[in-house]
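Chemist: Quick one: structure below, then a few questions.
The values are calculated or read from the model by the stated rules, or taken from the named source; none is laboratory data. Keep in mind that what you see is a predicted model, and the values were worked out from it rather than measured. Positions of Cβ are backbone-derived with ideal geometry, glycine not excepted, and every protein chain shown enters the neighbour counts. What goes into the accessible areas is simple: the full protein's heavy atoms, side chains included, and nothing from ligands, DNA or RNA. Shrake-Rupley method; radii C 1.70, N 1.55, O 1.52, S 1.80 Å.
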Amino acid sequence: MEVAYLGPIGSFSYRAVKLAFPDAKLTPVATLVDVIEAYEEGRVDLALVPIENSIEGPVNLTIDQLFHQSSAHVVAEIVLPIVQNLLVVDAKRAPEKIFSHPQALAQTREYLSEHFPQASSVPVASTALAAEIVQQHPTLAYAAVANLDAADFYGLVPLAKGIQDVAQNNTRFWVLGEKQPHIALPSTAQKVTLALTLPENLPGALHKAISTFAWRGIDMTKIESRPLKTVLGQYFFIIDLVSNDNIKYACKEMESLGITVRKLGKYCIYEGEK
């Protein structure tokens, strides 16, 4: 089995995919769009993509690509605790430039501002790439915000550990595939995710859609909107529901109202480890 993920080795996506599929062939891909396309084109059996961080919110690029450009189904969700660390070549030298993914820099903004106010933050494509940049410039006062897998892989040392500003920092990853895979992690719950497109001529359309869940006792855990990329003010909605046999009847009722319903997946949630 081959699984594509957002690389390079040492990224948080790498940590999630390694925990979930320790015996699979893991294929790093350069961008989120390329990860999804690798699965769509049949070059891999599964793909793992980040969907949301508990601090910085949804990964809109993933959501938009899945809705607008992909027919892939979600077959599992991995929730990975995120522990950020400041990695350097030489722990005796204060960093002058700190590299990382924009979300990682945002998650550690207060710590970096307090402890290294003189250092400039430089956003790059991934936390692993940040670690690679530091490794390739050992004579410069560079640092990377990344996980300890990246430290091991790129031969760096932690100047500080656990520097995220909020202790409860988690990222959700979706696994794309045809059927539920075996995942080497504990499962906590089962969920259904729907994408809804509302008709223009139905007053209170969103209220009517949500009501189909409420009166059937279906627990909705999340709703978010994204632009339809048609005209200003038109959106589609991503809704997460606790798995319930009544969801299929709610979908039929919404469709009878002219609401377009796409089931992105019914899947188990798995807890990663720090």
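Chemist: Could you work out what % of the accessible surface of the range 22-104 is carbon and sulfur, using a 1.4 angstrom probe and leaving DNA, RNA and ligands out of the count?
Modeler: Here carbon and sulfur together make up 49 percent of the probe-accessible area.
Chemist: For a quick check: with amide H placed at 1.01 Å from N, whose amide H comes under 5 Å from Ala189's, ignoring anything fewer than 5 positions away on the same chain?
Modeler: Ile269
Chemist: Which value, in Å², gives the accessible area per residue of the range 154-270 when a 1.4 Å probe is used on the protein heavy atoms?
Modeler: For the range 154-270, the solvent-accessible area averages 52 Å² per residue.
Chemist: While we're on this one: Taking 0.36 nm per residue of separation and subtracting the Cα-Cα distance, what length does fully extending Ala189 through Ile223 add?
Modeler: 10.4 nm
Chemist: Suppose the chain between His68 and Gln168 were pulled fully straight at 0.36 nm per residue; how much longer would it get relative to their current alpha carbon spacing?
Modeler: Taking 0.36 nm per residue and subtracting the Cα distance, the gain is 32.8 nm.
Chemist: Using helices alone, I'd like the mean residue ellipticity at 222 nm for the chain: each DSSP H run of four-plus residues gives -39500 (n - 2.57), total over residue count, nearest 500.
Modeler: Result for the chain: -8000 deg cm²/dmol, rounded to the nearest 500.
Chemist: For labels at Lys179 and Ala91 in the simple 7 Å Cα→Cβ model, what's the distance in nm?
Modeler: 4.9
Chemist: So for Arg93, Arg226, what's the accessible-area order with a 1.4 Å probe, most first?
Modeler: In descending accessible area the options line up as Arg93, Arg226.
Chemist: HN-Hα J couplings of the range 96-101 from phi, Karplus 6.51/-1.76/1.60, θ = phi - 60°, integer Hz, Gly and Pro as x?
Modeler: 9, 10, 10, 9, 4, 5
Chemist: I would also like to ask the following. For the range 7-24, just list the computed ³J(HN,Hα) in residue order, Karplus coefficients 6.51, -1.76 and 1.60, θ = phi - 60°, integers in Hz, with x standing in for Gly and Pro.
Modeler: Listing the rounded values in order: x, x, 4, x, 6, 5, 4, 4, 4, 5, 6, 5, 5, 6, 10, x, 9, 7 Hz.
Chemist: Once you sort the root eigenvalues of the Cα gyration tensor of the range 206-274 as a ≥ b ≥ c, which label holds: rounded (a/c under 1.5), prolate (a/b larger than b/c) or oblate (the other case)?
Modeler: oblate
Chemist: Let me ask something additional. Any lysines with Cα under 29 Å of the Lys191 Cα? List them, leaving off those in the same chain fewer than 8 positions away.
Modeler: Cross-link targets: Lys18, Lys25, Lys179, Lys208, Lys222, Lys229, Lys248, Lys252, Lys263, Lys266, Lys274.
Chemist: With +1 assigned to the C-beta of every Lys and Arg and -1 to the C-beta of every Asp and Glu, and no other charges, what is the dipole magnitude of the range 56-106 about the Cα centre in debye, to the nearest 20?
Modeler: Taking the Cα centre of the range 56-106 as origin, the dipole is about 260 debye.
Chemist: Let me ask something additional. Restricting to bridges with both residues inside the chain, how much of the DSSP beta-bridge set is antiparallel, in percent to the nearest 5?
Modeler: Percent antiparallel among DSSP bridges in the chain is about 70.
Chemist: Could you check how much of the accessible area of the range 162-274 is carbon and sulfur, as a whole percent, using a 1.4 Å probe?
Modeler: Result for the range 162-274: 53 percent of the exposed heavy-atom area is carbon or sulfur.
Chemist: Kindly report, to the nearest 10 Å², the accessible surface of Val79 as traced by a 1.4 Å probe over protein heavy atoms only.
Modeler: Only protein atoms counted, so the area is about 20 Å².
Chemist: Taking R0 as 25 Å, what FRET efficiency do you get between Asp34 and Ala106 from their Cβ-Cβ distance, rounded to the nearest 0.05?
Modeler: The calculated FRET efficiency here is 0.60.
Chemist: Turning to a different aspect of this structure: Roughly how many Å is it from the Cα centre of the range 124-180 to that of the range 1-79, as a whole number?
Modeler: Between the Cα centres of the range 124-180 and the range 1-79 lies a distance of 17 Å.
Chemist: Work out the length of the dipole vector of the chain about its Cα centre, built from +1 on the beta-carbon of each Lys and Arg and -1 on the beta-carbon of each Asp and Glu, and round it to the nearest 20 debye.
Modeler: 320
Chemist: What shape does the range 17-69 have by the C-alpha gyration tensor, where a ≥ b ≥ c are the square roots of the eigenvalues, rounded means a/c under 1.5, and otherwise prolate means a/b greater than b/c and oblate the rest?
Modeler: Verdict is oblate for the range 17-69.
Chemist: If you don't mind, another one. For Tyr249 paired with His207, estimate the spin-label separation in nm (one decimal), with each label point 7 Å from Cα along the Cα-to-Cβ line.
Modeler: 2.4
Chemist: Under a crude label model (7 Å from the Cα following the beta-carbon direction), how far is Ser113 from Leu257 in nanometres?
Modeler: About 4.2 nm separates the two model spin labels.
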